[in-house]
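Data first, discussion second: the structure below is written as structure tokens.
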Amino acid sequence: MRVVPKNASKETPPVLKQLPKKLVMLRPRILQDSLPNFSSKFKNPCYFDTKRKMHCLPYFFVLGAPKCGTTDIWSKMTSHPHIGYVQKEPHWWTRESMDKGKDTLAYYESTYVTQAISNLLGKRKWKRMKVIAGDGSASTFWHNKRWTSFYPKHRKAGPEYIVADVIRTVLPDALLIVSLREPVTRLYSDYLFFHENERKSPEKFHKAAVAAIDGFHSCLNERSLRYCAYTPVDDKVRLYIGLYSVFAKDWLQRYPRNQIMFLRLEDWKTKCTEILPKIFAFLKVEKIKPFTITKMCSLSPRNVNEAQHEVGPMLNSTRKLLRKFYHPYVKELSLLLNDTNFMWDYGYEE
């Protein structure tokens, strides 16, 4: 937490240090403003303006990809009495912060975390060093779609700066929880969940997957992997979102490893009573009794995709094709995190 020095003004925020111009141009209304001087009276990054009105930013982020269980994780972890519940996915850092009228920290603060902290505090000031709130926008992990308009000269190498750089500048002490899922299963669930007005079938998914892979390889023939990962060519089968190693590497270059907790949805489904206390420990909130943890984990899963029961499983040929595509990236993620569990069941040879 950024603590206010004893000789610093409690009302005047510090001026930002000189930042690279190319970083500032990514989110100018955020990075050209002065950063808040967070009060040492709060555990959560909060401060008071000149009118003594409280403003708060996220203490933590829940990141990941669509259909990786972030909604269920968010629902259960915010059951903790010291973690404020707020709209899970404002998508502000990635999308709304580029919209006029929504592109300032003041808008974000007043709309999301501040209210959650206020609700937890009530009139009990002693709770200030206990309560926290976060941002559960999974897209923050991978979404940088409009980067080419900011960095047109980097059309081969990929974006020079990404959303992670903006967050790191504003919230260097933030804690990050990243939930991932076996990428082929995630991709099919993503396909079935979105574009609900379209008729879908395993055969249509196979055709779209082949087209997406061909398009991605065409991109790689001319551009870098980072460019192709951050510049999708097909939104019906969002192949690029499963390139976890690319995004994880970028976040690990901006935040220390001890500030990022990586989870697998497969483990969360079967070991919630083991993982949830670890999440609370990671966030440095008070321990919860085992009985209460069991009660939290027994809550019905949130945002479960039931579409596969109607459409049917993907074709074996599609699964084989996609596993071959994702294999090198899954292997890279496993090595990056030094954890063979993130190989899922692929194995090192396939």
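No lab work stands behind these numbers, since they all come straight from the coordinates. As the structure is a prediction and not an experimental result, all values here were calculated from the model. Methodologically, a virtual Cβ is constructed for each residue, glycine included, from the backbone with ideal geometry; neighbour enumeration extends over all protein chains shown.
Taking label points 7 Å from Cα along the Cα-to-Cβ direction, Asn119 and Asn221 give a separation of 5.2 nm. Were the residues from Met129 through Lys22 laid out at 0.36 nm apart, the gain over their Cα-Cα distance would be 34.9 nm.
Indicate the gyration tensor shape class of segment 310-350 (rounded, prolate or oblate), computed on the Cα atoms with a ≥ b ≥ c the square roots of the eigenvalues: a/c under 1.5 is rounded; otherwise a/b larger than b/c is prolate and the rest oblate. Prolate is the answer for segment 310-350, as a/c is 1.5 or above and a/b outweighs b/c. Coupling constants for segment 326-334 follow from the phi torsions by the Karplus curve (6.51 cos²θ - 1.76 cosθ + 1.60, θ = phi - 60°), and in residue order they are 7, 3, x, 7, 5, 4, 5, 5, 4 Hz; glycine and proline get x. The simple spin-label model puts a point 7 Å past each Cα toward its Cβ; for Gln32 and Glu96 those points are separated by 2.2 nm.
Gain on full extension, evaluated as 0.36 nm per residue between Lys284 and Tyr107 minus their Cα-Cα distance, stands at 61.0 nm. Across segment 67-102, no residue has a backbone nitrogen under 12 Å from the label position 7 Å along the beta-carbon direction of Glu274.
Would you work out the relative contact order for segment 178-299, in percent, from Cα pairs under 8 angstrom that are 6 or more residues apart? Relative contact order for segment 178-299 comes out at 30 percent.
Treating r as the C-beta distance of Asp173 and Glu198 and R0 as 45 Å, the FRET efficiency rounds to 0.55.
For Leu263, nonlocal amide neighbours, meaning residues 5 or more places apart or on other chains whose placed amide H falls under 5 Å from its own, are Val178, Ser179, Leu180.
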